[in-house]
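Here is the structure we will look at.
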Amino acid sequence: MQTEVDDSVKLEAAVDLKGSVFTLPVLQICSGSIDAIESELTERLSAALKFFKHAPVVIDLEKLSGQNLDFSALLKLLARQDLVSVGVRNGSAQQNALAVSAGLAVLKGGPLQNILVQESSESVEKPKAEHRTDKVVEEKKNNKGLSSATKIVTQPVRSGQQIYAKGGDLIVMAPVNPGAEIVADGNIHVYAPMKGRALAGVMGDTKARIFCQSMEAELIAVAGNFRVFEDQIPSDIRAKSVQAYLDGDHLVVAPL
Amino acid sequence: MAKVIVVTSGKGGVGKTTTSASFATGLAMKGNKTVVIDFDVGLRNLDLIMGCERRVVYDFVNVLNNESTLKQALIKDKHCDNLFVLPASQTRDKDALTEEGVERILNELKKDFDYIVCDSPAGIEKGALMALYFADEALIVTNPEVSSVRDSDRILGILAAKSKRALNGDEPIKEHLVITRYSPKRVELGEMLSIDDVKDLLGIPLIGVIPESESVLSASNSGVPVIHDIDSNSGQAYADVVDRFMGVNLPLRFLNVEKKGLLSRIFGN
């Protein structure tokens, strides 16, 4: 046994400084008018309120071309929208100085992707499991409304695979095996044994539903409300045809 | 046209190398010119199971790096004239495998051989990906237990998503299920998944069931693929797998607990 010495205190650091890379939504400011910004932002965010709740945002000043901005008013406005401002970028030296004095960081500008919300189905962030590999189905390109956003899968979804139907429903006509994950912005239908995880309405659509021909799932979620089936699935729904939907905040899984 | 067959499983210790050795031997015994490649760079085992470890001079990685010719590295099997082994390197790691290099070697082998059997390492990392990437057909080796089945499911997903055939949108890899270490007695006792359980979950055609047998271990230790042991259940089961692969329709064997006859009851086994 070692005796305790004062040195032991030094062994554990109180802080540790590390680096990491984050993908943040960028709010591009195109007008110096706080009122105009507020009304436009309210309208755009209303489509995806849940998604942006407490989201960190970077304020991009490129389009302002040096025009001055009332940063404290802007910060208050963003706070009212439940957004957390972390910094500015592409500002002039004067704008940057004002931003710093308003408590914002100055970030280096990088390439900007068009990620501002257009409609509820588009979003800045992908569902959190998106980073997984082996996505068998690629996201569909925008083809001007000629086809629906519904995605149909006819091959088995195997352990470790994830399929995401962006902006629409997902129909799976083959087994979904344990460890597989099927995700949709809209509804999910599975016309085969459903043994994996199903997440419908991942962008916050509380009206989304999940339909399974044979309910053997590990996890069912609608708009973030989930239920895990850790042990035995209750006998009234096990291997039965079921639907799952939200009743308020309560996720109901009931036989069809 | 030569066929590339990957023997894979996801999980380790389920019998990939044993299956590769016996399957390749069986193909060769049927008159097919066959080469079996050990993709388990750094943990080479196939040469042990094939009984040629003392004859390894050059290996797969040497050929990849143009440090030797393919001819120098190929080891002729001592039992079959038609069978060659391309051993893995024990001193390198999987990063030595490159897509271009593996493709070059496979293309060279395709000129001379009918079948190229790729013995995959466990896991889903580079070695396993390289072993399956160029495959035309796959033997999925699975033990009748849940984690093995889960891992096989995972590897099937990778075959369907990350193989060259999948990425090029060609006809998918033809998949065959090999259930190994099957013990009818333990299935009867409910300790092991049944064949139907495994088939239901993986949903690919079953090409054979290899019963759990002591002869597999002794065959491995003596460096003679178990398919040569024609008196053992496992050896016969592997021979059936090869026949079915060649298109012969055979019923499954060794699925039920053997009823002991009067003599064996008296005299033991």
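The values are calculated or read from the model by the stated rules, or taken from the named source; none is laboratory data. Small disclaimer: the values here were computed from a predicted structure and weren't measured. Here Cβ is always computed from backbone atoms with ideal geometry, including for glycine, and neighbour counts include all displayed protein chains. To get the accessible areas, we keep the full protein, side chains included, count just its heavy atoms, and leave off ligands, DNA and RNA. Shrake-Rupley method; radii C 1.70, N 1.55, O 1.52, S 1.80 Å.
I want the local charge near B:Ala122. Using Cβ-Cβ distances under 10 Å, sum +1 for each Lys or Arg and -1 for each Asp or Glu among the other residues. List each step's numbers first, then the result.
Numbers: positive: B:Lys11, B:Lys16; negative: B:Asp40, B:Glu125, B:Asp151.
With Lys, Arg at +1 and Asp, Glu at -1, the neighbours total -1.
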Of B:Val6, B:Leu217, B:Ala138, farthest towards positive along the dipole that unit charges on Lys, Arg, Asp, Glu beta carbons give chain B: B:Leu217
Point-to-point label distance, A:Thr42-B:Lys71, nm (Cα→Cβ direction, 7 Å offset): 8.3 nm
Charge dipole magnitude, Cβ of K and R +1, D and E -1 - the protein assembly as shown, Cα centre, debye nearest 20: 880 debye
Top positive-direction residue, dipole computed over the protein assembly as shown with Cβ charges, set A:Gln243, A:Ala36, A:Ser20: A:Gln243
B:Asp114 long-range amide H proximity, modeled H, under 5 Å: B:Lys33, B:Thr34
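Packing-wise, with mean Cβ within 10 Å as the measure, how do B:234-246, B:134-146 rank, highest first?
On the way: B:234-246: 20.9, B:134-146: 22.7.
Listed from highest to lowest mean packing, they are B:134-146, B:234-246.
Assuming R0 = 22 Å, can you tell me the calculated FRET efficiency for the pair B:Ser147 and A:Arg227, based on Cβ-Cβ distance, to the nearest 0.05? Each step should come with its number before you reach the end.
On the way: r = 25 Å, r/R0 = 1.13.
My answer for the efficiency is 0.35.
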Long-range HN-HN contacts of A:Val84 with modeled amide H, under 5 Å: A:Ala55, A:Val57
Residues whose placed amide H lies under 5 Å from that of A:Gln28, excluding near-sequence neighbours: A:Asp60
Å² per residue, accessible surface of chain B at 1.4 Å: 46 Å²
Peptide-level mean, for B:145-151, of C-beta atoms on other protein chains within 10 Å: 2
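Mind running the shape call on the range B:1-144? Use the C-alpha gyration tensor, a ≥ b ≥ c as the square roots of the eigenvalues: rounded below 1.5 for a/c, prolate if a/b tops b/c, oblate otherwise. List each step's numbers first, then the result.
Working: a/c = 1.23, a/b = 1.03, b/c = 1.20.
It comes out rounded by the Cα gyration axes.
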About the Cα centre, charge dipole magnitude for the range A:24-115 (Lys/Arg +1, Asp/Glu -1 at Cβ), debye: 280 debye
Zone of A:Ala239's modelled label, taken as backbone nitrogen in the range B:133-148 under 15 Å from a point 7 Å along Cα→Cβ: none
Max mean-square fluctuation residue, GNM over chain B, Cα-Cα springs under 10 Å, options B:Pro211, B:Pro251, B:Pro225: B:Pro251
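Could you compute the FRET efficiency for B:Arg104 and B:Val257, with r as their C-beta to C-beta distance and R0 at 56 Å, rounded to 0.05? Show your work: numbers first, answer last.
On the way: r = 50 Å, r/R0 = 0.89.
Calculated transfer efficiency: 0.65.
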Most fluctuating residue given options B:Thr91, B:Thr34, B:Thr18, as computed from a GNM of chain B linking Cα atoms under 10 Å: B:Thr91
Carbon plus sulfur fraction of accessible area for the range A:24-115, probe 1.4 Å, in percent: 54 percent
Rounded accessible area per residue of the range A:136-255, 1.4 Å, Å²: 47 Å²
Across B:Lys16/B:Lys76; A:Lys151/A:Lys195; B:Lys71/B:Lys126; A:Lys108/B:Lys126; A:Lys151/B:Lys174, pairs whose alpha-carbon gap is larger than 30 Å: A:Lys108/B:Lys126
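Looking only at other chains, what is the average number of their beta-carbon atoms within 10 angstrom of each beta-carbon in A:158-166? Can you show the working numbers first?
Numbers: counts 14, 12, 11, 7, 1, 0, 0, 0, 0.
Taking all residues of A:158-166 together, the mean is 5.
Using a 10 Å cut-off around each Cβ of peptide A:178-191, what is the average number of partner chain Cβ atoms that fall inside?
Numbers: counts 5, 5, 3, 0, 0, 0, 0, 0, 0, 0, 0, 0, 0, 0.
Per-residue shielding by partner chains comes out at 1.
Could you calculate the contour length gain from B:Ile230 to B:Asn168, that is, 0.36 nm times the residue separation minus the distance between their Cα atoms, to one decimal place in nm? Intermediate values should be presented prior to the final figure.
Details: separation 62, 0.36 × 62 = 22.32 nm, distance 4.15 nm.
Result: 18.2 nm gained on full extension.
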Solvent-accessible area, 1.4 Å probe, carbon plus sulfur percent, for the range B:1-85: 47 percent
Dimensions (Å) - the range A:136-255, Cα atoms, principal axes, largest first: 45, 31, 20
Distance (nanometres) between label positions extended 7 Å along Cα→Cβ at B:Glu188 and A:Thr206: 5.8 nm
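Between chains A and B, what is the buried accessible area summed over both chains (1.4 Å probe, protein heavy atoms, nearest 100 Å²)?
Adding both sides of the contact gives about 1000 Å².
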